[in-house]
Amino acid sequence: MNAIIDCEHEYGAHNYDPLPVVLTRGEGVYVWDDAGNRYIDMMSAYSAVSHGHCHPKLVNALIEQAKKLVIVSRSFYTDTLGLFLKTICEHTRQDCALPMNTGVEAVETALKAARKWAYTIKGVPQDKAEIIACKGNFHGRTISVLGMSTEPQYRNGFGPFPAGFKIIPYGDAAQLESAITPNTAAFIVEPIQGENGIIVPPAGYLKACADICQKNNVLLICDEIQTGLGRTGKFLACDHEGIAPDGLILGKALGGGLLPVSLFLARKDVMDVFTPGDHGSTFGGNELAAVVGLAAVNVLIEENLTARAAESGADLLQKLKQLKSPIIADIRGKGLLIGIEINPRYYSARALCLKLLKKGILSKETHGTVIRLAPPLMISSEQINTVVSAISQVLTEAEQEMQGTVNKA
Ligand SMILES: Cc1ncc(COP(=O)(O)O)c(C=O)c1O
């Protein structure tokens, strides 16, 4: 029994099922609970805390700006938004950016841009625009974005959903080619499907999709809300295949682990479909978010976090692959976005996460059977060793519990 957990449980909606730990403080890779126990955070708030908890430079930027000016709305200019947008456009090879707050708002923005581009530039007949998305996608939870979802739990009870989406299997570029019609506005895709269980498509997939989209005058929109900003060992996951999509969506780590900051970025001719009054957000692009977002991008570069993610990710993946256990069905990922697929016949991913919690490691199952490992990007090799050793111990304990029901490979 814990009064804090009981209070949240009684007064909060039950749309999450948190692990039973009350966190009160964070610093870098670590968080502490209300009893003072320390944990290595292998979740990073679903990749929102890539810079580590309460990064001093980012906290300082937030505090100093909060003392000066926070929000005046986009009805007026403020002094950092332009520089923030210029900086991120330069790093992502995009021409323009439109600021929002949460990831799903930036996804909605991308869908609106694609549809208006289809009607005004491509010449698709009114209300006929189609957007192609992938089976197993996760682009957020609004009703229109759930129109693209193939996950029954996300959709059941929330219909009807808007029309205009077509679903194809993930990872197979030929399927994209055959799904395209003259009315196709865009193909929206995650370079790695995060929420679907860290699903990495075959090498060359994104490049092939980019070529198909270009050939057919279809916009390629990459949702890099989870994979972007260094997470996979490149600034963007698209950079692994050297492509610059026509539209790009960023969020999560863009707020430096402090604020919701998201962007839809695109080529100029795509972004130019928006005219004053077409689209907006009261908080999107506020001065505090611009200052924190700019500082978040600068810290990422100054501290070489992308290269560190590449190096530490390879180290973690290689060490995990050495763990031999029948409980592990697969280990996959890129950079510091790694999934351990648990064989549900032998053990539950959530039960393993609960065991890891007791050993001071925060992680959470995704898609039922996958333990997601996505720590802050500056995790050290010593911390990685601690995590791998805890996972190894937890697997041994689980195997011992199963005694006899599992034959060790
Ligand atoms: C790829 C992707 N797109 C969109 C979203 C939605 O972002 P938000 O929860 O900030 O709305 C997420 C969140 O997990 C995501 O991983």
Point to revise | Per-residue ³J(HN,Hα) for the stretch 279-284, Karplus 6.51 cos²θ - 1.76 cosθ + 1.60, θ = phi - 60°, Hz, x for Gly and Pro | key: 7, x, 6, 4, 8, x
**Study point:** Amide H contacts of R332 (H built 1.01 Å from N, under 5 Å, at least 5 apart or other chain)
**Key:** G339, E341
Exercise for review: Starting from the Cα coordinates of the stretch 25-176, work out the convex hull volume and express it per residue in Å³.
Suggested key: 212
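With respect to the cross-link table entries K122/K215; K86/K268; K112/K268; K122/K268; K135/K234, which display a Cα-Cα separation exceeding 19 Å? Numbers along the way, then the final one.
Values: K122/K215 13 Å; K86/K268 13 Å; K112/K268 15 Å; K122/K268 15 Å; K135/K234 25 Å.
Flagged as over cut-off: K135/K234.
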Practice item. Would you kindly find the accessible area of D6, with a 1.4 Å probe and non-protein molecules such as ligands, DNA and RNA excluded, rounding to the nearest 10 Å²? Key: 60
Exercise for review: Please give the FRET efficiency for E382 paired with D127, using the beta carbon to beta carbon distance and R0 = 45 Å, rounded to the nearest 0.05.
Suggested key: 0.20
Exercise for review: Pick out, in residue order, every one of the trypsin sites (Lys or Arg not before Pro) in the stretch 350-409 that is DSSP loop and has at most 14 other C-beta atoms within 10 Å; say none if there are none.
Suggested key: K408
Check your understanding: Expressed as a fraction of 2.2 N^0.38 Å, the rule-of-thumb size for a compact globular protein of N residues, what is the C-alpha radius of gyration of the stretch 177-256?
Key -> 1.09
Check your understanding: Expressed as cubic angstrom per residue, what is the convex hull volume of the alpha carbon set of the stretch 323-409?
Key -> 87
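Pairwise over distinct Cα atoms, reciprocal of the mean inverse distance: report the Kirkwood radius of the stretch 33-114 in Å, one decimal place. Don't skip to the answer; put the middle values down first.
Numbers: mean 1/r = 0.0623 Å⁻¹.
In the stretch 33-114 this quantity evaluates to 16.1 Å.
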Review point. So which trypsin sites (Lys or Arg not before Pro) in the stretch 90-195 are both in a DSSP loop and have at most 11 other Cβ atoms within 10 Å of their Cβ?
Key: none
Exercise for review: Would you kindly give the portion of the calculated P(r) for the chain that falls above 28 Å, as a percent of all Cα pairs?
Suggested key: 49
**Study point:** In Hz, Karplus ³J(HN,Hα) per residue of the stretch 185-196 (6.51, -1.76, 1.60; θ = phi - 60°; x = Gly, Pro)
**Key:** 8, 7, 10, 10, 8, 8, x, 9, 7, x, 5, 7
Point to revise | Set of lysines near K358 by C-alpha distance (under 28 Å), chain-local residues within fewer than 8 positions excluded | key: K252, K319, K321, K324, K334, K408
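Give the longest segment of the chain that steers clear of chymotrypsin sites (Phe, Trp or Tyr not before Pro) in DSSP loops with at most 13 neighbouring Cβ atoms within 10 Å, not counting the sites themselves.
Working: sites that count: Y16, F76, Y77, F158.
The answer is 159-409.
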Revision key, fill the gap. Subtracting the Cα-Cα distance of T282 and H91 from 0.36 nm times their residue separation yields 66.1 nm
Review point. What is the magnitude of the charge dipole of the chain about its Cα centre, with +1 placed on the Cβ of each Lys and Arg, -1 on the Cβ of each Asp and Glu, and no other charges, expressed in debye to the nearest 20?
Key: 420
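Just to be sure I understand: of the beta bridges DSSP finds with both ends in the chain, what percent are antiparallel, rounded to 5?
On the way: 31 of 47 bridges.
So the antiparallel bridges in the chain amount to around 65 percent.
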**Study point:** Where the stretch 56-302 is the region considered: accessible area per residue in Å², 1.4 Å probe
**Key:** 41
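In what sequence, largest accessible area first, do R38, R332 appear using a 1.4 Å probe?
On the way: R38 130, R332 40 Å².
From most accessible down to least: R38, R332.
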Point to revise | Taking the convex hull of Cα positions in the stretch 337-380, its mean projected area over all directions (nm²) | key: 3.3
Study note, to complete from the structure: Carbon plus sulfur, as percent of the 1.4 Å-probe accessible area of the chain, comes to 54
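Would you kindly work out the equivalent ellipsoid of the stretch 86-243 from its C-alpha gyration tensor and give its semi-axes, the square roots of five times the eigenvalues, largest first in whole Å?
Working: eigenvalues 93, 73, 59 Å².
Working from the Cα gyration tensor, I get semi-axes of 22, 19, 17 Å.
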Practice item. Starting at the first residue of the stretch 150-155, write each ³J(HN,Hα) from the Karplus equation 6.51 cos²θ - 1.76 cosθ + 1.60 with θ = phi - 60°, in whole Hz, x for Gly and Pro. Key: 10, 9, x, 5, 6, 9
Review point. For the stretch 1-78, how big is the tail of P(r) above 17 Å, as a whole percent of Cα pairs?
Key: 64
Revision key, fill the gap. The rounded separation in angstrom of the Cα centers of the stretch 152-206 and the stretch 342-362 is 30
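The values are calculated or read from the model by the stated rules, or taken from the named source; none is laboratory data. Keep in mind the model is a prediction, meaning the values are calculated, not measured. Note: ideal-geometry Cβ built from the backbone for every residue, glycine included; neighbour counts use all protein chains shown. With ligands, DNA and RNA removed, areas are computed over all heavy atoms of the protein, side chains included. Shrake-Rupley method; radii C 1.70, N 1.55, O 1.52, S 1.80 Å.
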